[in-house]
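Below: one structure, written as C-alpha cells.
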Amino acid sequence: MATADCVNLDSLLDDSKLYEALHADQIRCEDEDLKVMWYHGKMSRACAEKLLFEAMENSPNQNLDGMFLVRGVSRSDKDYSLSFVHSRRCYHYYIHCFDEDYFMITEGPKVHGLDKLIEFYIEGANHLPTRLTNLCKGTLPPAKVRKEGPNNLLHTAVQKGRVDVTLKILKHHLCPDVDSKNEAGYTALHIAASSDMAEAVSLLLSKKADVNIKDPDGATPLFRACMNNSVKSAKLLVKQVPGCVHEKSPVSGWVPLHAAAMCGHTQCAKILLDSHAALFPRGYQKETPLDVAEKYRRNRCQEFLEHYTEKLVLESTEKDWLHPELDRLGAENLFSQSRKTQGLFLVRKSGSTEGQYVLSVFDGTSLFHYAIQMMEYREQKMYYMDDGPFHRSLALLVQYYQNFADGLATRLIAPVTVASISDIDEDEAGQLYEYSSCSNVSPKSPTSRALPKPAQFRPKLPPRPPDLESPTPTAEPPNYRKNSVSSREGEHSPQHVEEPEESLPLLEISRKDLKLGSELGKGEYGSVVHGVLTVKRSLFGRPSTKQEVAVKMFHSVGNREDFLLEARVMQQLKNDYIVELKGVCYDKCMMLIEEFLPMGSMLDFLEEHPEKVRVKKELYLWAAQIARGMMYLESKRLVHRDLAARNILLASLQKVKISDFGLSRAMGTDKEYYKASKGGRWPIKWYAPESVCYGHFSRASDVWSYGVTLWEMFSYGAAPFEEMTGVEVIKFIEDGNRLAQPLKCPDVVYKTMRRCWSWEPTDRPTFSWLDWHFDTENEYVSARELLQALARS
C-alpha cells in the first residue's frame, strides 16, 4: 500500500480521488497502529478485569500471561492505569504522567510517550511480574500522549505547502486526527508553524488543533514558530490561545521567548511581549531570554529586551490589592467576610521574612498563600514566585497572574478590599483590620479610601478551569471512594512555595564554629556526621560552650528557597519528643545542625539490645511518646511523611524523639492534605494506600505509618512485609490483608495497629485520640506513671 508521501497531491483536488486516498490512508495507518490499539478510554478497574477474564475464559488452554490493556482513570485527565494478566490473576499498575508527556510506573524508568512506555514493558518485564504480550484490542491512545505515529496525508499536504489540499482534507469526514503525530513526532500544526504557512495554521486552528502539544524536543507549535521566525504564524497562535506564550518545554524549561532570543528573532519576541508574555521567564538553569540572547550574541535582540518597557494596564490600583498592614490571620478574616468568588486576591507583607510579600488568593473553595520572593538581577530588584518569571514590580507580577494562572490555584480576577465586602457597613468593615497582629504598621483607617456600595464590586467571573493534577505515582487501589480523602477530590496543589506560619528567622551557623567528626549514617539525600558546635556567649563576658550535634549533609537540596522554608518550619518545632533543629550551615553543601542523641535509632537498638527492652515498660512508653510527639505535629498542621522506627531516636531508655523531616512539609491552614509534587524513592511499606496511589499525605496517612512503626517495635525490629516487593505489598493491602500480630504484641496494641490501618483515612484515629488512648487505657498504666514521673523531673 502506497505511503502518504507517494500520493499525487494534485489528484486529491478531485473529490472521488480524495475519498479513495483518505480511505486507503486510514487503513494503512490503522495497520501500522495495530500494535498501539491497547487503549480503552476511561474505564473502571472492575470493567478492565471483566474484559481480561472474558479473554481467559474464551481461551482456557492458552497461556495469556501478559495480556494487557491501558485505561484512563476517573480522577485524572493526565494519568492512566495498566491492567494485565499474570498466572490467571489481574494486576493493575498506576501510570503517572509528569513533565507534560513523560510517563512512569513506580520503580520503573521515566519514558517519553505513553506508547514508548508500553513498548518498554513489551520488550521485557523489568520490575513487573511478567512482560506485556497480547493486547486487549481497543482504540488508539490520545495523540498528545504518543511520542510518534505514522505519516498521514494531512502531514504530507502541510509538509509540501499545499494549502488547497490541506483545506479539502480538513473538510472531509475521513480527515485524520489533526493532532496526530508523524514518524518524527510532529503534528501538522508544528509543521505549518515552522514553515510559516499562515493559511494552514489558520485552518488547523479552526479545527481546534492543540496549540500546546509538544514534539519530541518538548517544543510547542509557537516555540517552533519563534525558532524559525514564522511571524505570521506566531501572531495567529497567540491570538487564538494567549496562554501558549508561557508554555514551558519539559526538556529545558524554556518558553517561546527563549527560542526567539536564542535565534535573534526580535519581531517574534515583540509579538510575544505585546501579548503579555513575561519579559524575564526562567528556564531550568534559571536563564532568562535576555541571558540567552547575550550568550548567543544576538545583539539586536539583546538590546530590544534590555529596553523593552512592559505596559501596565491593570484595572485596579496598588492600593486596591496591597495591604501591608495585614498579617495572615487578618487576611483570612478579610477573605472570610468577602463574597466566595474565585480569583479574589490580595498582597500583604510576609510575617516570616522581612521585606518580602505574600500573595493570598481564593480559588473558589480554598484560600492559598504564596510567598513572593525578591532578588537582584542585573542590578534591578525583581519579584518572583518559586520558579516563575522575574517581574520588575509587584504590580507587574499581579498583572501577569491576572493574565495567566501559570501554577497558581486560579488566575487572579479581582482584588478583595474592605469595599468589596457585602452585607456589612463601613464601621464593621474597618473592624476587620483589628485582626491583624502586625505591630510595625499602624492599622488602616476604614475611611482612608472611598467605600463604594457592595453592588459596585461584582466582577464577572469566567467558568472555573479544570483542577490541575499534581504528579502522583504507583498502583491504583480497588474501589477507592472519592470521599475517602479528608479534602476535596482533585484539589489543586500549588506549584509555588507556600508561606510558613510567622516564625523567627532561620539561624545561620558559621562553618568555623562547626567541627565535623565521624560519619553516623547515610541516606538518600546525603550523610549524617557527628559534630561539635561552638556556641559563643560574648554577652557579659560569658565563656563559649561546646555542644555535640548531628550534622545532616545534603548532596543536593533542589530548590534552595523551598529547602530554607522547610528548615524554618523545622526550627519552630519545640517539643520534648521532637528532635531539635539548631540551625543551618552553608559550605560546599547545605547542612542542617540538629541535637545529638547518642543512643542512635530505635530500630538499631531493638535489633542489637532486645534484652533491654520490655514490652510493658519501654515499648509502651515509647509508643505513647511517639503518639504525643505526632500529636504536636498534628496541632502544627505538619505531615511527617516518613514515620518509621529508623527515624525514631533514643535520648535514653526513657525518652524517644521523632527525627528526619526530610520528606515532611508544612500543610497550609486551608487544606487537609497536600499532594506530593516530586518523585524520589518512597518508603512504600510504611505508606497508606492513598499515599501510594495518589500521593495524598495527611494526618491520616501519618497514622497509618505510625501503625507500621508500632509493628516494628513489637516485633523487635523485624522488617515489615519481609521480602515482599513494593508492588506485592500494594496487592497484599488491596486484597484486604494486613501485617500479622507480632509474637510478643498484646492484643490491645494490635487492635490499635489495625485501627491505624483502616482503608478509609476518615476511619483511622487521630494522634489526639491515640494520646488520649495511652493516657486512659488501663493496659498502659505503667507507662503512664513513668511519663508522669519524667514530666515531674
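The values are calculated or read from the model by the stated rules, or taken from the named source; none is laboratory data. For clarity, every value in this text was computed on a predicted model and none was experimentally measured. Reconstructed Cβ throughout: ideal geometry from the backbone, glycine too, with neighbour counts over all protein chains shown.
The residues on offer are PRO216, PRO242, and the sole one that is in contact (Cβ under 8 Å) with a residue 40 or more places away in the chain and in contact with a Lys or Arg (Cβ under 7 Å, 6 or more places away or on another chain) is PRO216.
Hand me the list of strands (runs of 3 or more DSSP E) wholly inside segment 294-404 holding 3 or more residues that are over 14 Å from ALA414 (Cα atoms). Full working, then the answer.
On the way: elements: 344-349, 357-362, 367-377, 380-384.
Correct list: 367-377, 380-384.
Residue count for segment 227-270 under the criterion of being aliphatic (A, V, I, L, M), under 20 Å from ALA188 (Cα atoms) and assigned to a loop (DSSP other than H, G, I, E, B): the result is 1.
How about segment 25-66: which of its residues are buried (at least 19 other Cβ atoms within 10 Å of the Cβ), charged (D, E, K, R) and modelled with pLDDT of 90 or more? Of everything in segment 25-66, just one residue is buried (at least 19 other Cβ atoms within 10 Å of the Cβ), charged (D, E, K, R) and modelled with pLDDT of 90 or more, namely ASP25. With respect to (1) surrounded by 24 or more Cβ atoms within 10 Å (Cβ to Cβ); (2) over 28 Å from the mean Cα position of the chain (by Cα), the lone exception for TYR716 is condition (1). Residue pairs whose Cβ atoms lie under 6 Å apart, separated by 6 or more positions or on different chains, with the first residue in segment 141-165 and under 17 Å from GLY218 (Cα atoms) and the second part of a loop (DSSP other than H, G, I, E, B) and small (Gly, Ala, Ser), are ALA143/SER180; ARG146/GLY113; LYS147/GLY113; LYS147/GLY185; GLU148/GLY185; GLY149/SER180. Contact annotation: residue pairs with Cβ atoms under 7 Å, 6 or more positions apart or on different chains, pairing a residue in segment 717-728 that is at pLDDT 80 or above with a partner that is β-branched (Val, Ile, Thr), are PRO720/VAL708; PHE721/VAL729.
Filter segment 358-372 down to residues that are touching a strand residue (DSSP E or B) at 6+ places or on another chain (Cβ under 7 Å) and more than 18 Å from GLU325 (Cα to Cα) and give me whichever is surrounded by the fewest Cβ atoms within 10 Å (Cβ to Cβ). Outline the logic, then answer.
Here is the first cut: in segment 358-372, the residues touching a strand residue (DSSP E or B) at 6+ places or on another chain (Cβ under 7 Å) are 358-362, 367-372.
Within this subset, residues satisfying the condition of being more than 18 Å from GLU325 (Cα to Cα) are 362, 367-368.
Working: PHE362: 24, LEU367: 20, PHE368: 22.
Filtering first and then ranking leaves LEU367.
Candidates in segment 719-739 are the residues that are more than 26 Å from the chain's Cα centre (by Cα) and of a type in the set (A, V, I, L, M); of these, the one that is nearest to MET753 (Cα to Cα) is LEU739.
With respect to GLN240, determine if the residue is more than 30 Å from MET375 (Cβ to Cβ) and modelled with pLDDT under 95.
Working: more than 30 Å from MET375 (Cβ to Cβ): yes; modelled with pLDDT under 95: yes.
Yes; evaluated as a whole, the condition is true for this residue.
Each residue in segment 489-533 was checked for being under 31 Å from the mean Cα position of the chain (by Cα) and at pLDDT below 85, and 27 pass. Within the bounds of segment 749-769, is there any residue that is surrounded by fewer than 19 Cβ atoms within 10 Å (Cβ to Cβ), assigned by TED's automatic domain parsing to the domain that holds SER691 and more than 36 Å from the chain's Cα centre (by Cα)? Within segment 749-769, not a single residue is surrounded by fewer than 19 Cβ atoms within 10 Å (Cβ to Cβ), assigned by TED's automatic domain parsing to the domain that holds SER691 and more than 36 Å from the chain's Cα centre (by Cα). Residues that are modelled with pLDDT under 90 number at least 1 in the following strands (runs of 3 or more DSSP E) confined to segment 78-152: 89-98, 102-105.
Here are LEU69, LEU140, LEU128: which of them is under 13 Å from TRP38 (Cβ atoms) and surrounded by 20 or more Cβ atoms within 10 Å (Cβ to Cβ)? Walk me through how you get there before you give the answer.
Working: LEU140 fails: surrounded by 20 or more Cβ atoms within 10 Å (Cβ to Cβ); LEU128 fails: under 13 Å from TRP38 (Cβ atoms).
LEU69 is the lone residue from the list that is under 13 Å from TRP38 (Cβ atoms) and surrounded by 20 or more Cβ atoms within 10 Å (Cβ to Cβ).
Could you tell me whether ILE271 is buried (at least 20 other Cβ atoms within 10 Å of the Cβ), modelled with pLDDT under 95 and of a type in the set (A, V, I, L, M, F, W, C)? When the stated conditions are applied, ILE271 does not pass them.
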